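**Q** Below: one structure in structure tokens.
Where a number appears in this text, it was derived from the coordinates with a stated rule and is not lab data. This is a predicted model, so every value here is computed, not measured. Reconstructed Cβ throughout: ideal geometry from the backbone, glycine too, with neighbour counts over all protein chains shown.
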RNA sequence: GGCGCUAUCGUCUAGGGGUCAGGACGGAUGGUUCUCAGCCAUCAAACCGGGGUUCGAAUCCCCGUAGCGCUACCA
């Protein structure tokens, strides 16, 4: 007895075979209520990759219908984070395009026109319920184990009822009238299913303040902007039948949908601004010194895999190999350890010049005056540090002593390496280093080895004792690199200071 | 409470009626070495449970269970 499902899309599951006639158009539609979320960044990436892979267009739309929470600052931050990641958009944002404006608060007349059509056709109606009444209805529905929170009671208001409410000063919302037929949701990653209409309630599509809400604006803009594929997070899955219903009532064709799994924290919950704060902010990773290439590679592998052997993907490879068909259905935990590994890898791939450039802002941020340093010396330091950088900001603890003598010696290191003979070793080493000619890598090295051999001292003991005197810590680059980079005078001065400290 | 989605090592995943269930991160051990990092080698580590179907099920079907998401005049 059920009427046939509505909303059947015209294309096949993958949508990747029958696209010859139409250009692929996808969009990312953040709401400007804070920084760019790591999950949004992944959604943006998937959209962007899909667009680039198919030579389509990637559109940036700003969903700011929640006026109370949206800010310009947030909008700029989102642009900036996206640009930093290299996810350039073809239309929208501050860039404009043939479907301008791309900011929803500037498109109200478009929504208004559609709402009037809905009202005129009887597919939408005014609802005069107050928030308090709604709360009560919700509570009751829940108690009665109903599957809908709102019962559609204002569908049947008489003209007299409306006038009475209006006289009371109540401002109505507009609700969409949900259909009686099941709605078919065809999802590229999750498959097709029919949603029973009695689980769908009459959503508010225009607030009482006149501002249209998400489910209306989203689908209207997707259609108006000729979006062919809506790729978004699974949290929107339940909105999809509502949006399809709205489009159907308006006689509009819906795009294809692809809901990608959520990004989870290590307890399996959705990563959110609310619970995780700046941990989910793309800008935070930028500030700590993660490379865009690493972020993209990492985030792409959350829910997507190419085969059973490849982990490292350049952006070009990602574009070439990315397919929606290979996106998984289950959520993925954001594992910072793996991001760290990738970041180390990508930093390692930077040549010295590029790595030096990348690291300079991090020195400056910590007040290290790199401008005063010869470029050559900076590059030598970076070379000496080698692969010891997981994040660019690690450059600071790794190299601080190249710019200023240590002000303290790490207690743990001192305890382990500065035994009773530390003073003697330092004194002797000082003499050795004072005498080497010239003060260069090979000469210093052989002089040191000669010393340890003659005195029958363990290399480690001598080296670590000296390392702490010079750097204040027990780890770091080759000690010979450090010696030469510091120069004889500075080395001798630091040895003297250490001897005083040891007493 | 309702509705929906999901389920392979700790994590990201490959595979998929017959495999020693593969790789990577992380972990452990050993090697290289002046330390750390790196690199090399080795090891531990998984098909949510129960029923079917089948000669054979981790794979197909059903039922559970668990987790998550949504449940706003947020998006």
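**Q** Kindly provide the pair-distance distribution of the stretch A:350-403 built from C-alpha pairs, with 5 Å bins from 0 and whole-percent values in order of increasing distance.
**A** 4, 21, 40, 28, 7, 0
**Q** While we're looking at this one, here's another question. Give the span of the stretch A:134-241's Cα atoms along each principal axis, as three whole-Å numbers ordered largest to smallest.
**A** 49, 36, 22
**Q** For the stretch A:411-502, take every pair of Cα atoms, bin their distances at 5 Å starting from 0, and report each bin as a whole percent.
**A** 2, 15, 29, 28, 20, 5, 1
**Q** Note the full-extension length gain between residue A:337 and residue A:108 as 0.36 nm times their separation in residues minus their Cα-Cα distance, in nm to one decimal.
**A** Numbers: separation 229, 0.36 × 229 = 82.44 nm, distance 4.51 nm.
My answer for the length gained is 77.9 nm.
**Q** Additional query: Of the beta bridges DSSP finds with both residues in chain A, what % are antiparallel, to the nearest 5?
**A** Numbers: 15 of 32 bridges.
About 45 percent, rounded to the nearest 5.
**Q** May I pose another question? I'd like to compare A:454-467, A:194-207: which one has the highest average count of other Cβ atoms within 10 Å, and what's the full order after that?
**A** Values: A:454-467: 16.1, A:194-207: 18.4.
Listed from highest to lowest mean packing, they are A:194-207, A:454-467.
**Q** Which whole-number value in Å³ per residue fits the convex hull of the alpha carbons of the stretch A:49-99? Can you show the working numbers first?
**A** Numbers: hull volume 4.6 nm³, N = 51.
In the stretch A:49-99, the Cα hull volume divided by residue count equals 89 Å³.
**Q** Please report how far the C-alpha centroid of the stretch A:121-137 lies from that of the stretch A:328-353, rounded to the nearest whole angstrom.
**A** Computed from Cα coordinates, the inter-centre distance equals 49 Å.
**Q** With n ≥ 4 as the cut-off for DSSP H runs, can you work out [θ] at 222 nm for chain A, using -39500 (n - 2.57) per run divided by the number of residues, rounded to the nearest 500? Numbers along the way, then the final one.
**A** On the way: 21 runs with 234 residues, N = 503.
After summing the helix terms and dividing by the residues of chain A, the value is -14000 deg cm²/dmol.
**Q** Roughly speaking, what is the stretch gain from residue A:415 to residue A:488, that is 0.36 nm per residue apart minus the C-alpha to C-alpha distance, in nm to one decimal? Intermediate values should be presented prior to the final figure.
**A** Numbers: separation 73, 0.36 × 73 = 26.28 nm, distance 2.66 nm.
So the extension gain works out to 23.6 nm.
**Q** If you build the Cα gyration tensor of chain A and take the root of 5 times each eigenvalue, what three semi-axes come out, in whole angstrom, biggest first? Walk me through the numbers before you get to the answer.
**A** Values: eigenvalues 814, 111, 78 Å².
One finds semi-axes of 64, 24, 20 Å for chain A.
**Q** Next question, about the same structure. For a protection proxy built on the mean count of beta-carbon atoms within 10 angstrom, sort A:353-362, A:76-85 highest first, please.
**A** Values: A:353-362: 17.6, A:76-85: 19.1.
Going by the mean number of other Cβ atoms within 10 Å, highest first, we get A:76-85, A:353-362.
**Q** Compute the Rg/Rh shape ratio of the stretch A:342-437: radius of gyration over Kirkwood radius, all on alpha-carbon atoms.
**A** Here the Rg-to-Rh quotient is 1.06.
**Q** Next question, about the same structure. What is the packing order of peptides A:372-380, A:326-334, A:226-234, taking the mean over residues of other C-beta atoms within 10 Å and listing the highest first?
**A** Peptide ranking by packing, descending: A:226-234, A:326-334, A:372-380.
**Q** Once the Cβ-Cβ distance between residue A:329 and residue A:269 is put in as r, and R0 is 25 Å, what FRET efficiency do you end up with, to the nearest 0.05? Mind showing how you got there, number by number?
**A** Values: r = 18 Å, r/R0 = 0.70.
Once the sixth-power term is evaluated, E becomes 0.90.
**Q** Plugging the Kirkwood radius over Cα pairs into Stokes-Einstein for the stretch A:21-148, at a temperature of 10 °C and a viscosity of 1.306 mPa s, what D comes out in µm²/s?
**A** Numbers: Rh = 17.3 Å.
For these conditions, the coefficient is 92 µm²/s.
**Q** At 0.36 nm per residue, and after removing the present C-alpha to C-alpha distance, how many nm does the segment from residue A:287 to residue A:345 gain when stretched out fully? Provide the component values of the computation, followed by the final result.
**A** Working: separation 58, 0.36 × 58 = 20.88 nm, distance 1.82 nm.
Between residue A:287 and residue A:345, full extension yields 19.1 nm more.
**Q** Same structure, new question: Please report how far the C-alpha centroid of the stretch A:380-415 lies from that of the stretch A:145-211, rounded to the nearest whole angstrom.
**A** If we compute the Cα centre of each part, the gap is 62 Å.
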